[in-house]
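Read the structure below first, then the notes.
The values are calculated or read from the model by the stated rules, or taken from the named source; none is laboratory data. All values derive from a computational prediction rather than experimental measurement. FYI the Cβ positions are ideal-geometry reconstructions off the backbone, even for glycines, and counts take in every protein chain you see.
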């Protein structure tokens with residue numbers, strides 16, 4: 001199996017080591033390793049990407065950033081009692097989210 005290389009010729013392992021980022025290494029067949037990220041991107045695709053077309057990359061970026069603000073600040077999440085993540089974090093860890 002070939003190692004994945006970045007544009008600079010580094011492998012993912014080398015790049016993560018240089019930047020101090022730990023790479024998630026779940027057990028083979030584990031559905032929980034990337035579940036949160038997969039759920040986020042599935043929502044992004046369903047709620048925004050599949051419903052729009054953008055004339056420029058900047059237009060797309062602006063809409064994606066706006067959707068992320070909506071996702072974290074307004075959209076209600078059933079997994080946290082139908083609250084927005086920002087409100088949930090303010091209640092659970094008040095010092096974590098500036099007002």
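Evaluate the following for residue 56: is it more than 27 Å from residue 89 (Cα to Cα), loosely packed, with under 12 Cβ neighbours inside 10 Å and at pLDDT 75 or above?
yes
Of the conditions (1) assigned to a loop (DSSP other than H, G, I, E, B); (2) modelled with pLDDT of 65 or more, residue 14 clears all except one; give me its number.
Here residue 14 clears every test but (1).
Would you call residue 42 assigned to a loop (DSSP other than H, G, I, E, B), out of contact with any helix residue (DSSP H, G or I) (no Cβ under 6 Å at 6 or more places or on another chain), exposed (fewer than 11 other Cβ atoms within 10 Å of the Cβ) and modelled with pLDDT of 90 or more? Before you say what the answer is, go through the steps one by one.
Numbers: assigned to a loop (DSSP other than H, G, I, E, B): no; out of contact with any helix residue (DSSP H, G or I) (no Cβ under 6 Å at 6 or more places or on another chain): yes; exposed (fewer than 11 other Cβ atoms within 10 Å of the Cβ): yes; modelled with pLDDT of 90 or more: yes.
Answer is no for this residue.
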